[in-house]
Amino acid sequence: MKKYKIFFLHGWLFDSRIWFGFNKTIPEKYESILIDLPGYGGNKNKTLSPINYCKEVFENLSSPTIIIGWSFGGLLALLGLSENYKNIEKIILINSHPYLISNDQLRNTISSKSINNLKDNLILNREEAIKKFFFECVKSSSKEVSDYRLLIKKFKLSSIPNNDILINGLNNISNIDLFNDLMNSKKEILIIQGGKDKILGAASFTKLKENKHIKLCVLDDVPHIPFISFKKEIYNVIEKFI
């Protein structure tokens, strides 16, 4: 197999800790790099947008690269479809779509209304809104209780980005549409969807199957956050792809 760098892009609300060591399942011959988006985790830059930050990262890649993006990070990973980023050879989306807002093509459960409600709830009662989102991320899987407890333990409220960063991120989610880029891409793409994902819900991938470069995989018991209890299932699919 070719020597790749592998960049991991986390989703909204959570920083790179959300991988729960999943990057360590990748063989050491690959160089795994965990990214913190601006304002998240160790990235103290609170002025650069996630979109512009990822574009800068992608522009500076100097060797063959795989981008693995989870949730909102998957949406950002699709910026790498541009032919300007020739060193990005493969993209892996985990519980993500080319746009995360509900639409006729993919029928997600996220809607503009739910995004606006989340913004309002963050302002009205930040702690309650965040904990509710935590639970939605693990809800309905066979491991929901233990996974939720680990999320609460690992992500103290004081370590979560401030509301301005979070709301700006939600605005990004609302405004990015990379569906046509994905449909026309000739780069290798893997989309992994959790069957118990209650954030995105059941999605139809029929249209995406028209692109022969896209591989699709549904893992039945996997919730929105799969990196606590379902690392093995996710890795087994990725291993075959890379």
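The values are calculated or read from the model by the stated rules, or taken from the named source; none is laboratory data. Remember, it's a predicted structure, so these values are computed and weren't measured experimentally. A quick note on method: Cβ atoms are made from the backbone with ideal geometry, for glycine too, and the neighbour counts reach across all protein chains shown. For accessibility, only protein heavy atoms count, side chains too; no ligands or nucleic acids. Shrake-Rupley method; radii C 1.70, N 1.55, O 1.52, S 1.80 Å.
Among residues of the stretch 144-157 that are under 12 Å from R17 (Cα atoms) and in contact (Cβ under 8 Å) with a residue 24 or more places away in the chain, those with a Cβ under 8 angstrom from a residue that is of a type in the set (D, E, K, R) and open to solvent by 60 Å² or more (accessible area, probe 1.4 Å), sequence gap 6+ or separate chain, pair up as K154/R17; F155/R17.
Residues checked against (1) touching a Ser or Thr at 6+ places or on another chain (Cβ under 9 Å); (2) open to solvent by less than 40 Å² (accessible area, probe 1.4 Å); (3) at pLDDT 95 or above:
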{"site": "M1", "(1), (2), (3)": "no, no, no"}
{"site": "F7", "(1), (2), (3)": "yes, yes, yes"}
{"site": "H10", "(1), (2), (3)": "yes, yes, yes"}
{"site": "S16", "(1), (2), (3)": "no, yes, yes"}
{"site": "G21", "(1), (2), (3)": "no, yes, yes"}
{"site": "I26", "(1), (2), (3)": "yes, yes, no"}
{"site": "P38", "(1), (2), (3)": "yes, yes, yes"}
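If you go through the stretch 184-214 and keep only what is open to solvent by 30 Å² or more (accessible area, probe 1.4 Å), at pLDDT below 95 and not in a loop (DSSP other than H, G, I, E, B), you end up with N184, K207, K209, E210.
Those residues that are of a type in the set (D, E), outside any loop (DSSP other than H, G, I, E, B) and over 18 Å from S146 (Cβ atoms), I need them from the stretch 220-242; list them, please. The answer is E239, and nothing else.
The set of residues in the stretch 53-92 being under 15 Å from I189 (Cα atoms), open to solvent by 10 Å² or more (accessible area, probe 1.4 Å) and of a type in the set (A, V, I, L, M, F, W, C) consists of L79, L81. Put simply, of S146, S114 the only residue that is open to solvent by 40 Å² or more (accessible area, probe 1.4 Å), assigned to a helix (DSSP H, G or I) and closer than 18 Å to G201 by Cα is S114. So which residues in the stretch 40-52 are open to solvent by 80 Å² or more (accessible area, probe 1.4 Å) and over 18 Å from L170 (Cβ atoms)? Residue satisfying the conditions is K44 alone. When C217 is tested against the conditions (1) part of a strand (DSSP E or B); (2) exposed (fewer than 15 other Cβ atoms within 10 Å of the Cβ); (3) not β-branched (V, I, T), the lone failure is (2). Pairing residues of the stretch 1-30 that are more than 18 Å from K154 (Cα to Cα) with residues that are among the basic types (K, R) and at pLDDT 95 or above, at Cβ distances under 6 Å and at least 6 apart in sequence or on separate chains, gives T25/K231.
Of D164, D181, D177, which residue is assigned to a loop (DSSP other than H, G, I, E, B) and either of a type in the set (A, V, I, L, M) or open to solvent by 40 Å² or more (accessible area, probe 1.4 Å) (or both)? Write out each step before concluding.
Details: D164 fails: assigned to a loop (DSSP other than H, G, I, E, B); D181 fails: assigned to a loop (DSSP other than H, G, I, E, B).
Just one listed residue meets the conditions, D177.
Of everything in the stretch 124-143 that is open to solvent by 50 Å² or more (accessible area, probe 1.4 Å) and part of a helix (DSSP H, G or I), the residue that is nearest to F227 (Cα to Cα) is F135.
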